[in-house]
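Down below is the structure, laid out as structure tokens.
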Amino acid sequence: MSIFIQVLLNSLETGGIYALAALGIILIFRTSITTNYAQGTISMFNAFIATYILLGTGLSVYAVAIIGMLSAFLVGILVDRIVISKAVRVNPVAKQIITLGLIMVFLGLAPMLFGTDPLQFPRFVYGSLTIAGATISYNALVNIAVGMVIMAIMFYALQKSKWGLSVRATASNDVVARMMGIPTPFITMASWAIAAALGTLSALMLAPTTSVNLSMMDGVQLIALLACVLGGFQTFYGPVVAAYIIGIASNLISFYLSSIWSDSILYILILVVILFKPNGLMGKKIVKKV
């Protein structure tokens, strides 16, 4: 039982990292009608900024994390104003190709600005705790708590705030939202900025277990996209729930079945679910009336 609890707690940490990235992807998809394949690369770039500031100034890790998210917020605004807003009239596939181009841009900028060597980002807090025989680090507990609190705030804002209503209106019908006086370009810009900040937070949560390097977010980006497919692109909460499901399932499969074949087994299971639920677990079937 203690081993199962430890696997479950570790899964909640990784699931939270996936969920933050997935929430950023779905936020952009619902407002910009495009899949942002550069979410992980933008997050990696801002993780480099945060770590570089940390190593150069000696600021606390908490202050640097906030600075990294603020820099990501600014990068998201610049990406939207300089690139995405200029492609508002192109079709969704062309926008996806643009985000692939953004991957090359940030993959080129990162080593030019910060070098090619991996950087080490420390834990937010050190030490460990034993829960029902399972040992978990304080840093993991902080990651779990921060991830859940951030997503709770986001979902509350999406449901209760004026900004959330504007986002949901823009996601439902961009043209009608503009006719109602909603500043949809501003909503889209804010979505890109918030998505970049969420992705950077997930990168900084992941960084202590690996290093800050050019490929650090590749796996997270893949899982976040799978979570969007599994949860459904029609809701904001579906991909988040699916991210936690994938995080838990991946660790359970790796521990109890096979660590070598865990990814393959997980992808097959997701494929089977999609065959029976093409719109995702929480997705809705879109019916067009003539």
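With the requirement that a residue be in contact with a helix residue (DSSP H, G or I) (Cβ under 7 Å, 6 or more places away or on another chain), crowded, with 16+ Cβ neighbours inside 10 Å and within 27 Å of Phe4 (Cα to Cα), what does region 119-147 give you?
Arg123, Phe124, Ala134, Ile136, Asn139, Ala140, Asn143, Ile144, Gly147
Which one of these does Arg89 not meet: (1) over 23 Å from the mean Cα position of the chain (by Cα); (2) touching a residue at least 24 places away in the same chain (Cβ under 8 Å); (3) loosely packed, with under 15 Cβ neighbours inside 10 Å?
Only one criterion in (1) over 23 Å from the mean Cα position of the chain (by Cα); (2) touching a residue at least 24 places away in the same chain (Cβ under 8 Å); (3) loosely packed, with under 15 Cβ neighbours inside 10 Å is unmet by Arg89, namely (2).
Taking region 27-60 as the region of interest, how many residues are surrounded by fewer than 17 Cβ atoms within 10 Å (Cβ to Cβ), farther than 16 Å from Asn213 by Cβ and touching a residue at least 12 places away in the same chain (Cβ under 8 Å)?
2
Which condition breaks for Leu222 when tested against (1) over 17 Å from Ala243 (Cβ atoms); (2) modelled with pLDDT of 90 or more; (3) surrounded by fewer than 20 Cβ atoms within 10 Å (Cβ to Cβ)?
The failed condition is (1).
Which residue pairs have Cβ atoms closer than 6 Å, lie 6 or more positions apart in sequence or on different chains, and pair a first residue in region 125-148 that is farther than 15 Å from Ala207 by Cβ and modelled with pLDDT of 90 or more with a second residue that is in a strand (DSSP E or B) and of a type in the set (A, V, I, L, M)?
none
Here are Ala152, Ala169, Ala196: which of them is among the small types (Gly, Ala, Ser) and either closer than 20 Å to Val61 by Cα or crowded, with 19+ Cβ neighbours inside 10 Å (or both)?
Ala196
The values are calculated or read from the model by the stated rules, or taken from the named source; none is laboratory data. These figures come from a predicted structure and were not determined experimentally. Methodologically, a virtual Cβ is constructed for each residue, glycine included, from the backbone with ideal geometry; neighbour enumeration extends over all protein chains shown.
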